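First comes the structure, then the notes that go with it.
The values are calculated or read from the model by the stated rules, or taken from the named source; none is laboratory data. Since we're looking at a predicted model, the values are computed, not measured. Glycine also receives a Cβ, built like all others from the backbone with ideal geometry; neighbour counts cover every protein chain displayed. Note: areas computed on protein heavy atoms with side chains; ligands, DNA, RNA excluded. Shrake-Rupley method; radii C 1.70, N 1.55, O 1.52, S 1.80 Å.
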Amino acid sequence: MTIGEALKKVQNQLGLTATAMAAGIISKGTYSKVVNGKQSLSSDSLVKILFKNNIDINDFFEMLKSTYMSESKLYEEKLFNGMQQALNNHNTKMAQEYLAQIKTKTSNKYLQQRAEITVAFLTNNIDKLNDEFKKSVIDKLNSHPNWIKDIDSLRLFNTSLLILPNDKVEVEMRLFFIKIAHTEQIYESMKERYAILCCNYLDWRYKKKPKINDNVTNALKYLKDLASTAHFENYKICGKYFNHLFNNEIDTAKQMKSDLLAWGITVGVKNWPI
């Protein structure tokens, strides 16, 4: 979908006229040429139109991926989403099929390493990943000076909790919380990625050692402080669940998990530790 086509689609969804959609930014004639593919639109004008009409920028650009993203990048994203689905559903066969494609048809080292760890986890072979592989993962993480800002590095660290030495995880999480505390503005998409990391860390930590430390406290606080919106509700619930666990309120945590499963909320929840 082109930018013009996406603008027209959103305009129709909002029930706006062309004049109302572009008012005060570009003329109706220019807007008409843009939506009909006869003229390009400057990035400044596009952003102004999106903000003026309260259009979610992430949703808007999601519509553009098939047209503006390279084929190789689109393919990598398809494989990443497929592997994530296989992990969420504990579908070992599906994960192995995606791993084969990732290893032979992509050069994305981050994706390859994440896929290998995922399959090893699903097949109960984490302990069989050799030291050379684990070192390559650590080297890859260390190669990025600020991994919390890089999506590929952040995703790799998230998956690598399963294989990294305990002290490495704790040190990196400590640095993670220090860095986000000194970040002036964190956009919603990154807030969600950080929330996923906090949930995964709490799960990892509880299974390793169910004792509260500074990282646990910071992870629970991060999830608790997320905005009370539908977008973040799952992560806030995750924080509440682990807060019960770490405070040894086991029966409350069990009931919470049972209720969520009964309501059909299974992704992530069914793999919680208790």
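Taking the inverse of the mean reciprocal distance over all distinct Cα pairs, the Kirkwood hydrodynamic radius of the chain comes to 21.3 Å.
For the chain, averaging the sequence separation of C-alpha pairs within contact (under 8 Å, six or more residues apart) and dividing by the residue count gives a relative contact order of 10 percent. Extension gain, F61-K78: 0.36 nm per intervening residue step, less the Cα-Cα distance, totals 4.5 nm. Evaluating 6.51 cos²θ - 1.76 cosθ + 1.60 at θ = phi - 60° for every residue in region 110-125, the Karplus couplings come out as 4, 5, 4, 5, 4, 5, 5, 5, 4, 5, 4, 5, 5, 9, 6, 10 Hz, glycine and proline recorded as x.
Over region 175-255, consider all pairs of different Cα atoms and compute the Kirkwood hydrodynamic radius from their mean reciprocal separation; express it in Å, one decimal. It works out to 13.0 Å. In degrees, nearest 10, range 0 to 90: what is the angle between the Cα axis of helix 43-52 and the longest Cα principal axis of the chain? Roughly 80 degrees, rounded to the nearest 10. In the context of the full set of protein chains, the chain has a per residue accessible area of 56 Å² (1.4 Å probe). Between helix 71-88 and the chain there is an angle of about 40 degrees, using the helix long axis and the longest principal axis of the Cα atoms.
Here the translational diffusion coefficient of region 1-145 follows from Stokes-Einstein with Rh set to the Kirkwood radius across Cα pairs; for 10 °C and 1.306 mPa s it amounts to 86 µm²/s.
Taking the C-alpha atoms only, the angle from helix 233-246 to the longest principal axis of the chain is near 10 degrees.
Note on the chain: with a GNM built from Cα contacts shorter than 10 Å, the maximum mean-square fluctuation among P165, P145, P210 falls on P145.
Here the Karplus curve 6.51 cos²θ - 1.76 cosθ + 1.60, taken at θ = phi - 60°, turns the phi angles of region 152-169 into couplings of 4, 5, 4, 5, 5, 4, 4, 6, 6, 3, 5, 10, 6, x, 3, 5, 5, 4 Hz, with x standing for Gly and Pro.
The trypsin sites (Lys or Arg not before Pro) found in region 203-274 that occupy coil by DSSP, while having at most 15 further C-beta atoms within 10 Å, are K211.
Its relative contact order, with pairs defined as Cα atoms under 8 Å and 6+ residues apart, puts region 200-274 at 29 percent.
Here the chain has 50 percent of its accessible surface on carbon and sulfur atoms, given a 1.4 Å probe and all protein chains in place.
Each Cα pair under 8 Å and six or more residues apart adds its sequence gap; the mean of these over the residue count of region 70-204 is a relative contact order of 19 percent.
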